[in-house]
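K.L.:
There's a structure below that I have some questions on.
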Amino acid sequence: MLRFLSAPSRSRRVALVLCAGAAVVSLIASDFASSPSNTSVAADGAATAPAVQSVPAPTSPGGVAPQTTSKPAAQPVATRAASAPVPTPARNAVARAYTAPARPVADVPTTPNCAQPAPGRARCLSVKVDAAATNAQPASIPNGLSPANLASAYNLNSTGGAGRTVAVVDAYDAPNIESDLATYRAQYGLPACTTANGCFKKVNQNGAASPLPAADSGWGAETTLDVEMVSAVCPNCKILLVEANDSYLNNLGHGVNAAVNLGAKFVSNSYGGADSNSDGSFDSSYYNHAGVAITASTGDSGYGVEYPASSPYVTAVGGTTLTTANSARGWGESAWSYAGSGCTLNESKPAFQNGVATGCAGRAVADVAAVANPATGVAVYYGGWGIYGGTSVASPIVAGIYALAGQPGASDYPSSYPYSHPASFYDVTVGSNGSCGGSQLCTSTTGWDGPTGLGTPNGTVGLATPLSASVSVSGTPTAGLPTDVSVTPTLALGDSVSSVLWTSDSTDCEFTPPTAANTQLICNAGAADTVISAKVTDRNGATVTATSSVAFDHPATLRTVDVTISAAGQSGPSQSICLSAATALRATVTDDQTGVPVKGMAVSFSQQVGTDDPTELASVQLSSADGTVQTSASSATELTYSADARASGAFAPASVSVDATVEQCVAAVTSSLSKAVVNPGTAVTVSGAVTRDGVGGSVPLPGASVQIVATASGRTTVLGTATSGASGAYSVNVTPTSSSTLSTVLAATAGWSAASSPATTLTLNPILTRMTAAVSSHAVGYGTVVSFAGYVQRSVGGILTALPGSRVNIIGTPPRAAARVVAAATVNANGVWSVAYVGTTTMTLTASYAGAAGQPAAAVALGSFVVGHWTTAAKLNGHAGVRVGVASVYTGSVTKRYGSLVRPAAGLSVAIYARNAKGQNVYLTTVGTSANGTFSARLTLRQSASLTAVVRARTGYAASTSPRLVISVRR
């Protein structure tokens, strides 16, 4: 952000004080005072910079510390009108996108890029974070926000902008700008932007390549920051750098004019200065450029207004603190405590701020915002990498996003665009930039506020051309005939239409269809002139309604029409009707000149028997869009039907008659099925038509009642009934209960003969039970656990569904014994069942499902299941020599074998015997085997002996004896 200070005369200062009162004195003093303790004036009039500027740490929940300034809490507003009107945008009541607050950030020491200027000069207020405050990182990974960070934070697709030029206006020359820009763009993988490839161009304030102004290192840093931020958000944009001769406002303004004259449609200005009563002349001289998006930073001194940000022709860009956040957006923002804001003294309220709660009688600042806090600043290469901040960062970012959004309308002032898309910004609701009595002028809140305006960009739509539309009407319309109408929307880049809805002020009019951009309007023949409207809604929810007046043709000579009448769809002068049966009569009115049906003509029907007076059949009706009017009549005698169309609007009257003969009509019926094969319980649609013989062929027979008859095994069942409509068509859903043939039957009446359709075969898929079963083993040792598992499913037409909750029994039949249920399982939601069983008996197994209502039973034979005896084997271990009378522990194990399967034998009794020298076996003790088949015994021997372990037989287990263990007993 750059700040200029004009050099007003002493009398101007006095006038300001007298007009604004004492509250303005502190503003003037703060704007024009300098600090001799840290500023000196260079020979060219530019001031040298103080060494360090300290940035306070945010202390509020949003990470922003309010700053009290010497500026007034509220500034009086001048009533001077702007030098040219600013167009009013459409307003849309749509929801905003709120953003999480930024995380609190610590203080960082910074150095301003420019010093306080001499009177009449500008100052750049961008700052660089001191090197000692940055985190050490490899040179290839610069500190600060990158282009990818900015694209993520502001939801940008940075691939756009090709062919568009963004201009940056700064003071003095930056001699190394092109090489610094090359390093920056190469670091982040951006395409090269050079003078040679036509992407970059540098000119003086007159638009010429030379002579360029003198160089200035502080302004050079500012210029580099601005150019690199345009590159960051719009890498495909061309960049025009305009270097003013010095920092006087009029020279910077000449630079803006040069940029526009060279074709730039987007101009960034990172400078500002004291609001003055000269604003209007500067507006008209430098900043009033229709069709050009001009951005300006709001300032880096907290609450207070600066120019040109206060100009209604400029988009005023405030500043935020931007950090990552645990939110859907992934970023959080709060108002930066040093961003500028407030009410201008010298600009009237622009139309685009009407209805916005700014708290100002005149122009309010800011309009939008972007990152500015140096504590969360951006990476910049200016002879080396550094972190920079200030609203100087925000202005070129927003200018670049304007370029991504597309070319402004030629007569538009794009400063109004954000107010047409308030929902397309992240609403910053936390933070403050000073003291103003807690109002929105210095405190962020829902909706517009001074520090951040409407918020920060959420994509490009908020800075794009507002949605607009126009309606066109083809030719000179005639009421009663269709007319082509269309709506043409103007959309922002990347926007699209989500819906269109046509309406008319007249209820006599309709659109076919009412939701297409190109449609047809047709009104009743006698309709008065009307106004039509097309409401267009874009994909962001913004709407605009375009209207057009429609004046109908009123010819001196009325247009002739042709009227025809039809009984039951017949044509010609003589037609037949069914005896005493209701007959549909239809009259059609068409325009003789075009052959197109006429809507809204008044038509009446009458009938005449012999020489009797005609009688009206129904009240007068208006013809529909297809030119038709319908009624119903019946007769037992021959007669004449007539239709009379009365003069309406541009159309002359006309009439027609037809003779009707009466007979018992010969009827016919057709039918078809929606499905020939269905599952039980599934409805079938039976449809067809009932017709009769008529003049020239078959015609519909409306009002006829038919039955749907099913025939199976010689028995007939009526499944449903239906009545034919005006076209003779009928349709009814029926649910068959078995395979059968279906036909439609029409009973005879006085008016028509009986009829039936050919029979159609309908197959009802049978309900089957699919069952599977398996056993884990067919031959096991006694007491072995086996598992049974399988599926039970309903099968209908090849479609399988589970039968949850069903019971499956495992039935076993032992030799010479009755069958019995040995295990049972319940089917789960997936149709699966399983159960475990302890095998103790040889038997033949079957898995059985008993069935249910409408579901057949099923069984699966599992075959023989053999349960055999385990053979056992014992081992005994212990010390071969022991002392007499001393107890010793003897251990052993028992295994069981069935076939090739060997397992530890648990729960068996083992007796320990000792054989003495005389060959006598002496019983010592009995122990049991553990779960792993082992046992132990504590024995005291008094003479040498041999020990054996004897496994006692039990059901399913054979006995066994271990090898002898010889024990020598010592005294």
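K.L.:
If I ask for residues that are crowded, with 24+ Cβ neighbours inside 10 Å, not in a helix (DSSP H, G or I) and not hydroxyl-bearing (Ser, Thr, Tyr), which ones from the range 387-407 would you list?
P.N.:
If the condition is that a residue be crowded, with 24+ Cβ neighbours inside 10 Å, not in a helix (DSSP H, G or I) and not hydroxyl-bearing (Ser, Thr, Tyr), then ILE387, GLY389, GLY390 are the ones that fit.
K.L.:
Just to confirm my filter: which strands (runs of 3 or more DSSP E) fall fully inside the range 277-371 and include at least 1 residues that are in the same structural domain as GLY409 (by the TED database) and of a type outside the set (A, V, I, L, M)?
P.N.:
Output list reads 293-297, 315-324, 331-335, 342-348, 362-365.
K.L.:
Hey, another quick one. Going through the range 410-431 one residue at a time, which ones are open to solvent by 10 Å² or more (accessible area, probe 1.4 Å) and in a strand (DSSP E or B)?
P.N.:
TYR426
K.L.:
Need the failing condition index for VAL603 against (1) modelled with pLDDT of 95 or more; (2) part of a strand (DSSP E or B); (3) surrounded by fewer than 21 Cβ atoms within 10 Å (Cβ to Cβ), just the number.
P.N.:
(3)
K.L.:
Identify all residues within the range 463-478 that are outside any loop (DSSP other than H, G, I, E, B) and either closer than 21 Å to ALA546 by Cα or aromatic (Phe, Trp, Tyr) (or both); write none if there are none. Break it down stepwise before answering.
P.N.:
Residues of the range 463-478 outside any loop (DSSP other than H, G, I, E, B): 463, 468-473.
Within the range 463-478, SER468, ALA469, SER470, VAL471, SER472, VAL473 qualify.
K.L.:
Can you go through ALA339, ALA328, ALA264 and tell me which one is within 27 Å of VAL233 (Cβ to Cβ), free of Cβ contacts under 8 Å to residues at least 12 places away in the same chain and aliphatic (A, V, I, L, M)?
P.N.:
Answer to the selection: ALA328.
K.L.:
Further question on the same structure: Pick out the one residue from THR961, THR895, THR925 that is of a type outside the set (A, V, I, L, M), under 30 Å from THR841 (Cβ atoms), open to solvent by less than 70 Å² (accessible area, probe 1.4 Å) and not assigned by the TED database to the domain that holds VAL838.
P.N.:
THR895
K.L.:
Out of THR503, THR545, THR519, I need the residue that is in a strand (DSSP E or B), at pLDDT below 95 and in the same structural domain as LEU481 (by the TED database). Which one?
P.N.:
The conditions single out THR545.
K.L.:
OK, next. If the requirement is being assigned to a strand (DSSP E or B), of a type in the set (S, T, N, Q) and closer than 27 Å to ALA953 by Cα, which of these qualifies: SER864, SER834?
P.N.:
Details: SER834 fails: closer than 27 Å to ALA953 by Cα.
Checking each option against the conditions leaves just SER864.
K.L.:
Right, another one. With the condition being open to solvent by less than 30 Å² (accessible area, probe 1.4 Å) and over 26 Å from TRP385 (Cβ atoms), I'd like the helices (runs of 4 or more DSSP H) fully within the range 153-270 carrying at least 1 qualifying residues.
P.N.:
Per the criteria, 249-261.
K.L.:
GLY459: more than 35 Å from the chain's Cα centre (by Cα) and either buried (at least 24 other Cβ atoms within 10 Å of the Cβ) or not in a strand (DSSP E or B) (or both), yes or no?
P.N.:
no
The values are calculated or read from the model by the stated rules, or taken from the named source; none is laboratory data. Since the structure is predicted, the reported quantities are computational estimates derived from the model, not experimental observations. Cβ atoms come from the backbone with ideal geometry, glycine included; neighbour counts cover every protein chain shown. Ligands, DNA and RNA are excluded from the accessible area calculation, which covers all protein heavy atoms including side chains. Shrake-Rupley method; radii C 1.70, N 1.55, O 1.52, S 1.80 Å.
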